[in-house]
């Protein structure tokens with residue numbers, strides 16, 4: 001009888017502890033996600049030369065799907081640029097003077113890109129179409145550049161864009177037309193490589209971001225895969 005009472009008491013105590021223990025909190029979803037898990041490209045605002053864009057099941061960085069980017073010398077824009085990209089245009093209210101927002105994504109190249117300049121992700125103003133900042137790849141070297149008030153290379157990493165490995169890029173920007181106020185933080189593969197880099201980050205509003213491949217000169221076909229893109233108020237590696 002005593003043993004039974006003790007057992008009931010321990011069960012009651014365990015139940016009480018379980019009822020008062022804090023429950024795990026599910027991670028908050030970002031404001032926008034472009035992870036291709038819809039099985040299509042409809043998460044994105046616009047497609048540039050969609051002939052070169054498709055959804056694949058491998059390789060993927062997360063989930064079940066990624067985007068395949070294939071660029072050839074035929075993928076020309078009306079202005080002559082050789083490009084295959086996806087575009088995301090955030091809500092205007094998130095990019096006004098003094099606001100801060102972050103954008104991250106992962107990319108994979110099955111073979112090293114050529115030594116010509118490839119812009120693989122950049123912010124651009126609208127409707128003036130002035131480039132604000134850009135990630136540039138030449139071979140396996142990557143750089144981060146801001147354009148205003150003058151072009152400035154904030155970071156360069158030779159040999160960082162290794163083939164057959166998923167890499168992550170992320171930026172957090174304080175949006176401002178004043179270069180004394182505007183600033184950018186940058187992460188590569190979870191390591192912060194630019195801290196409060198000063199720049200003019202707004203020209204007119206709103207900015208938008210494009211990722212994929214923009215080449216200076218049409219050339220032989222090249223491949224890239226994209227996955228796990230998101231936009232939010234902060235970035236945690």
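Some notes on this structure:
- Total residues in region 46-76, condition surrounded by 15 or more Cβ atoms within 10 Å (Cβ to Cβ), part of a loop (DSSP other than H, G, I, E, B) and in contact with a strand residue (DSSP E or B) (Cβ under 7 Å, 6 or more places away or on another chain): 5
- Residues in region 170-184 that are in contact with a strand residue (DSSP E or B) (Cβ under 8 Å, 6 or more places away or on another chain) and either within 14 Å of residue 152 (Cα to Cα) or free of Cβ contacts under 8 Å to residues at least 60 places away in the same chain (or both): 179, 180, 182, 183, 184.
- Selection within region 199-237 - assigned to a strand (DSSP E or B) and surrounded by fewer than 17 Cβ atoms within 10 Å (Cβ to Cβ): 223
- Qualifying residue in region 204-214 (condition: more than 24 Å from residue 113 (Cβ to Cβ), touching a residue at least 40 places away in the same chain (Cβ under 8 Å) and in contact with a strand residue (DSSP E or B) (Cβ under 7 Å, 6 or more places away or on another chain)): yes
- Residue check for residue 189: surrounded by fewer than 21 Cβ atoms within 10 Å (Cβ to Cβ), under 18 Å from the mean Cα position of the chain (by Cα) and without any contact (Cβ under 8 Å) to a residue 40 or more places away in the chain: yes
- Within the option set 75, 57, 35, being over 18 Å from the mean Cα position of the chain (by Cα), modelled with pLDDT of 95 or more and under 23 Å from residue 230 (Cβ atoms) holds for one residue only, 57.
- Meets criteria (assigned to a loop (DSSP other than H, G, I, E, B), surrounded by fewer than 20 Cβ atoms within 10 Å (Cβ to Cβ), at positive phi and modelled with pLDDT under 95) for residue 80: yes
- Looking across region 118-129, just one residue is under 18 Å from residue 212 (Cα atoms) and either more than 19 Å from the chain's Cα centre (by Cα) or without any contact (Cβ under 8 Å) to a residue 60 or more places away in the chain (or both), and that is 129.
- Residue 137 vs. criteria touching a residue at least 40 places away in the same chain (Cβ under 8 Å) and closer than 17 Å to residue 188 by Cβ: no
- Looking at 222, 231, just one residue is touching a residue at least 60 places away in the same chain (Cβ under 8 Å) and under 26 Å from residue 139 (Cα atoms), and that residue is 222.
- On the stretch given as region 30-42, residues that are over 12 Å from residue 105 (Cβ atoms) and crowded, with 16+ Cβ neighbours inside 10 Å total 2.
The values are calculated or read from the model by the stated rules, or taken from the named source; none is laboratory data. These numbers come from a predicted model, not from an experiment. Glycine also receives a Cβ, built like all others from the backbone with ideal geometry; neighbour counts cover every protein chain displayed.
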